[in-house]
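Asker: Let me begin by handing over the structure; questions about it come next.
The values are calculated or read from the model by the stated rules, or taken from the named source; none is laboratory data. Note that the structure is a prediction, hence the values are computed from the model and not measured. For neighbour counting, all protein chains shown are included, and Cβ atoms are generated from backbone atoms with ideal geometry for every residue, glycine included.
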Amino acid sequence: EEVAHVISYGKESLTASQMMERFLFDKKMHYMPLGRLSGGERRRLYLCRVLMQAPNILLLDEPTNDLDIMTLEVLEDYLDAFSGAIITVSHDRYFLDRVCDSVFVYQKDHTWKMYLGGYSDYKAKVQPVKKEPIKRGTTPKRKTMPYAEKKELEQLPALMETYENKIKELDQWMQEAGADYSKLQPLSIQRNEFESKLEAATERWMELEEKKEAMK
């Protein structure tokens, strides 16, 4: 309430108390001394206080590294109706797909290029299927994938499913850990590692699928 008693959010107004409840602080916690809050709860409270200032621009630097899964979900829900601009740097493709209307990607010529949509939209645009032109009077030769790549393509879906299941399992463990930062931190690190593995496997699967389609 030192920051604001009421803020506008979408088509509604939120009091400081309602804002705290939105960020998972029930009413019995509203007058709890700060010293009794865990590290995760303090970060969530700080984020709530920043948003109570009603900023028109938010700068988020790798938010999935610093926020536990519960706080991140609350933040994503809040950003759905946020009326200002959001500028974020993140390696988390799911977060980018959730909150971004456009992405800026660093190019080989040391410039930045904007693509409309989230990360998945960007990847779909920069990986078109290329077909070689057929010369007149010639019969195109039927191409086949190397055995190793064909085998890899067959194995990737199961590998991707394994990574996805592991991420879901870690999400469950993080929810059970609650605001215990000592438990959340190693779980968050593992989750980021599996997300990176899933991203690499997904990109490789897309690459091989496109190669397979181009050879038909």
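Asker: For the range 22-50, enumerate the residues that are among the aromatic types (Phe, Trp, Tyr) and surrounded by fewer than 11 Cβ atoms within 10 Å (Cβ to Cβ). Spell out the reasoning first.
Answerer: To start, the set of residues in the range 22-50 that are among the aromatic types (Phe, Trp, Tyr) comprises 23, 25, 31, 46.
TYR31, TYR46 - these are the residues of the range 22-50 that are among the aromatic types (Phe, Trp, Tyr) and surrounded by fewer than 11 Cβ atoms within 10 Å (Cβ to Cβ).
Asker: May I pose another question? Is the range 178-201 home to any residue that is among the charged types (D, E, K, R), within 22 Å of LYS150 (Cα to Cα) and modelled with pLDDT of 85 or more?
Answerer: yes
Asker: Can you find a residue that is of a type in the set (Gly, Ala, Ser), under 30 Å from ARG42 (Cα atoms), in contact (Cβ under 8 Å) with a residue 40 or more places away in the chain and not in a helix (DSSP H, G or I) anywhere in the range 179-194?
Answerer: Filtering the range 179-194 down to residues of a type in the set (Gly, Ala, Ser) leaves 179, 182, 188.
Next, from what is left, pick out any that are under 30 Å from ARG42 (Cα atoms): 179, 182, 188.
Remaining after also requiring in contact (Cβ under 8 Å) with a residue 40 or more places away in the chain: 179, 188.
If we keep only those that are not in a helix (DSSP H, G or I) as well, we get 179.
Checked the range 179-194: at least one residue is of a type in the set (Gly, Ala, Ser), under 30 Å from ARG42 (Cα atoms), in contact (Cβ under 8 Å) with a residue 40 or more places away in the chain and not in a helix (DSSP H, G or I).
Asker: Separate question: How do the pairs read when you match residues in the range 90-101 that are among the hydroxyl-bearing types (Ser, Thr, Tyr) and crowded, with 17+ Cβ neighbours inside 10 Å with residues anywhere that are modelled with pLDDT of 85 or more and part of a loop (DSSP other than H, G, I, E, B), using Cβ under 7 Å and keeping only pairs 6 or more apart or on different chains?
Answerer: Going by the 7 Å Cβ cut-off, the qualifying pairs are SER90/GLU62.
Asker: Pick from ASP121, ASP80, ASP109: which is at pLDDT 75 or above, over 25 Å from GLU41 (Cβ atoms) and surrounded by fewer than 11 Cβ atoms within 10 Å (Cβ to Cβ)?
Answerer: Working: ASP121 fails: surrounded by fewer than 11 Cβ atoms within 10 Å (Cβ to Cβ); ASP80 fails: over 25 Å from GLU41 (Cβ atoms).
Exactly one of ASP121, ASP80, ASP109 is at pLDDT 75 or above, over 25 Å from GLU41 (Cβ atoms) and surrounded by fewer than 11 Cβ atoms within 10 Å (Cβ to Cβ), namely ASP109.
Asker: Another question about this same structure. I'd like the full set of residues that are of a type in the set (A, V, I, L, M) and over 19 Å from PHE194 (Cβ atoms), limited to the range 86-127. Write out each step before concluding.
Answerer: We begin by selecting, within the range 86-127, every residue of a type in the set (A, V, I, L, M); these are 86-87, 89, 96, 99, 103, 105, 114, 116, 124, 126.
Residues satisfying the conditions are ILE86, ILE87, VAL89, VAL99, VAL103, VAL105, MET114, LEU116, ALA124, VAL126.
Asker: With the checklist (1) more than 23 Å from GLU207 (Cβ to Cβ); (2) modelled with pLDDT under 85 in hand, flag the one item MET145 doesn't pass.
Answerer: (1)
Asker: Follow-up. With the requirement that a residue be among the small types (Gly, Ala, Ser) and more than 13 Å from the chain's Cα centre (by Cα), what does the range 77-111 give you?
Answerer: First, the residues of the range 77-111 that are among the small types (Gly, Ala, Ser): 81, 83-85, 90, 102.
Within the range 77-111, ALA81, SER83, GLY84, ALA85, SER102 qualify.
Asker: Go through the range 10-30 and give me each residue that's on the phi > 0 side of the Ramachandran plot and among the aliphatic types (A, V, I, L, M). Before the answer, list the steps.
Answerer: Kept after step one, since they are on the phi > 0 side of the Ramachandran plot, are these residues of the range 10-30: 10, 24.
Scanning the range 10-30 gives a single hit, LEU24.
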